[in-house]
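Novice: Starting off with a structure, shown below.
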Amino acid sequence: MSLKVLLTALACLSVCGIAQAADDCFNEAAAYQGVNPWVLRALAWYESKGDASAIRQNANGSIDVGQLQINSIHFGDLAREGVPHRALTDPCVNVYVAAWLLKQKMVKHGNTWRAIGAYHSETPRERDAYARGIQHVLVAWGQLPSAR
C-alpha cells in the first residue's frame with residue numbers, strides 16, 4: 001500500500017471521528033514501516049514533548065510541523081506522494097510520516113543510532129548529539145539500559 005493511500009484512509013478515519021488512539025498510531029506506523037515504536041515516541045517527546053499542534057519557525061526559513069516536527073524540506077516529497085503539508089497537523093498522519101522518514105534513514109544508515117540521529121540532521125555533530133538525546137529519553141523511560 002502506498003503512503004498516499006494509507007494516509008488518505010487514515011485522514012478519512014480521523015475526520016469520521018473513528019481514528020485509533022494516539023498510542024495505536026505509534027504502534028501501527030512503526031509496524032507498517034518496520035521501525036521501533038518506542039523510538040518514534042522518543043522522537044515525539046524530544047522534538048515537541050508530544051505537542052501535536054507544535055509549529056516551529058527555524059532560523060534557515062524552514063518550518064517544523066506537529067509532534068514529530070516534520071520539516072518543510074520534505075513537503076515536496078510528501079506532495080508527490082499525495083500528502084499535503086496541512087495533513088501533518090493530524091497527529092496520526094504526523095506519526096506515519098515520521099515513521100516513513102525514519103525508515104528512509106534506516107535504509108541509508110542501517111538500524112543504527114546514526115539513522116536515528118539523521119532523522120534530525122545528516123551533519124555528524126548535530127546527528128550524534130540528537131541520537132544521544134534520544135538515547136537519554138529511552139533510558140529515562142526504561143527502554144534502554146543505562147550506559148554506566
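Novice: Evaluate the charge dipole of the chain about its Cα centre and quote only its size in Debye, nearest 20, assuming +1 on the Cβ of each Lys and Arg and -1 on the Cβ of each Asp and Glu.
Specialist: So the magnitude is around 400 debye.
Novice: With unit charges on the beta carbons (Lys and Arg positive, Asp and Glu negative) and the dipole taken about the Cα centre of the chain, which residue among Ser121, Ala99, Ala54 sits farthest to the positive side?
Specialist: Of the candidates, Ser121 comes out farthest on the positive side.
Novice: Can you give the extra length, in nm with one decimal, that the chain gains between Asp51 and Trp113 once fully stretched, where that is 0.36 nm per residue apart less the Cα-Cα distance?
Specialist: 19.9 nm
Novice: Which value in deg cm²/dmol, rounded to the nearest 500, describes the helix-derived mean residue ellipticity at 222 nm for the chain, given -39,500 (n - 2.57) per DSSP H run of n ≥ 4 and division by the residue count?
Specialist: -18000 deg cm²/dmol
Novice: Continuing with the same structure: Using 7 Å Cα-to-Cβ label points, what is the Ala129/Ala59 separation (nm, one decimal)?
Specialist: If labels sit at Ala129 and Ala59, their model points lie 1.0 nm apart.
Novice: Report the relative contact order of the chain, percent, no decimals, based on alpha-carbon pairs under 8 angstrom and at least 6 residues apart.
Specialist: After rounding, I find 21 percent.
Here, each number is a calculation from the coordinates, and none is a lab measurement. Note that the coordinates shown come from a computational prediction; the quantities given were computed from them, not determined experimentally. Cβ coordinates were reconstructed from backbone atoms using ideal geometry, including for glycine residues, and neighbour counts include every protein chain displayed.
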